[in-house]
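Taking it in order: structure first as structure tokens, then the write-up.
The values are calculated or read from the model by the stated rules, or taken from the named source; none is laboratory data. These numbers were taken from a predicted model, which means no experiment stands behind them. We place every Cβ from the backbone using ideal geometry, glycine too, and count neighbours over all the protein chains shown.
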Amino acid sequence: MKTILIGAFRLLLVLATGALLSACGTSMPLSSKTKQLDLSEQSIGLLMLEQTREESRTMPWPRNLFVRNMATGKSQMVAVDTTFIDYGENGDHYVTPLRLALAPGKYRLDALHGTIQVFPLNGTFMVPLGLEFEVPAQSVFYMGRIHAHMRPRKGTEFRAGPPFPLIGQAALNIVTSTFDVQVRDAAATDLPIFREALPVLQAGEIGLHVLPAFDRSKFDALHAGVVDAKQGAAEAR
């Protein structure tokens, strides 16, 4: 748990500095034009992202997924492909089919990162995940549906994004928000969506390797620890 918290804290610091906002992530595999699957070296993970928000919040836009190789410790930034996004009836319920190309092994889905924009303000959000999974060899597999709901935060719940730049993050209600995250098996609904968007998947077998449940307690504890450390430093001055 300590390792997860330290890793999440480091990721939060990197995102907060804005160092990754202009970086290019690895592209997602497969498109509607893909004719043939090559699973000789990498398998394909299918993950559905669902985003909602309370009316007092602005809809977050997904940009990058952060995936960590547990054997090497290296983190990979994967650019979210929103080609097949479903905006819902009122544009306040996004459903995005995501794909990951990974070599067999153990990984952790660290976080979802993106932006919230209301002209002329541009804010940054992060949904911490900490979801470990194993990639089988030469396979296409379904990882489940992640539902991230943005709402006002309470007490020491983790923030929906870094506190700075202060004006933008505060005005866009990012620092006063958090995310409720749910992981579930929605294969009956999601697999037909993937097969329709990506014809190359229509005939092949898709395995089920659903991600574990989300545990927000470790991220709330991380936030509370950071707050306590800052308060202690302020009192020591």
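Of note:
- Tabulated pairs, region 66-84, first over 27 Å from residue 192 (Cα atoms) and free of Cβ contacts under 8 Å to residues at least 40 places away in the same chain, second small (Gly, Ala, Ser) and surrounded by fewer than 16 Cβ atoms within 10 Å (Cβ to Cβ), C-beta under 6 angstrom, 6+ apart or interchain: 71/105
- Qualifying residue in region 202-210 (condition: surrounded by fewer than 16 Cβ atoms within 10 Å (Cβ to Cβ), more than 30 Å from residue 36 (Cα to Cα) and either of a type outside the set (Phe, Trp, Tyr) or free of Cβ contacts under 8 Å to residues at least 24 places away in the same chain (or both)): no
- Selection status of residue 71, farther than 28 Å from residue 157 by Cβ and part of a loop (DSSP other than H, G, I, E, B): yes
- Qualifying residue in region 157-166 (condition: outside any loop (DSSP other than H, G, I, E, B), on the phi < 0 side of the Ramachandran plot and charged (D, E, K, R)): no
- On inspection, residue 158 qualifies as in contact with a strand residue (DSSP E or B) (Cβ under 7 Å, 6 or more places away or on another chain) and hydrophobic (A, V, I, L, M, F, W, C).
- Selected residue (only one of 176, 96 is more than 19 Å from residue 78 (Cα to Cα) and either modelled with pLDDT of 95 or more or surrounded by 22 or more Cβ atoms within 10 Å (Cβ to Cβ) (or both)): 176
- When the test is whether a residue is more than 13 Å from the chain's Cα centre (by Cα), in a strand (DSSP E or B) and more than 25 Å from residue 82 (Cα to Cα), residue 106 passes it.
- Selection count, region 29-69, where residues are closer than 18 Å to residue 83 by Cα and of a type in the set (A, V, I, L, M, F, W, C): 9
- Taking the criterion of being farther than 27 Å from residue 69 by Cα, outside any strand (DSSP E or B) and in contact with a Ser or Thr (Cβ under 6 Å, 6 or more places away or on another chain), the only residue of region 129-156 that qualifies is 153.
- Residues of region 60-75 that are surrounded by fewer than 16 Cβ atoms within 10 Å (Cβ to Cβ), small (Gly, Ala, Ser) and touching a strand residue (DSSP E or B) at 6+ places or on another chain (Cβ under 6 Å): 71 alone.
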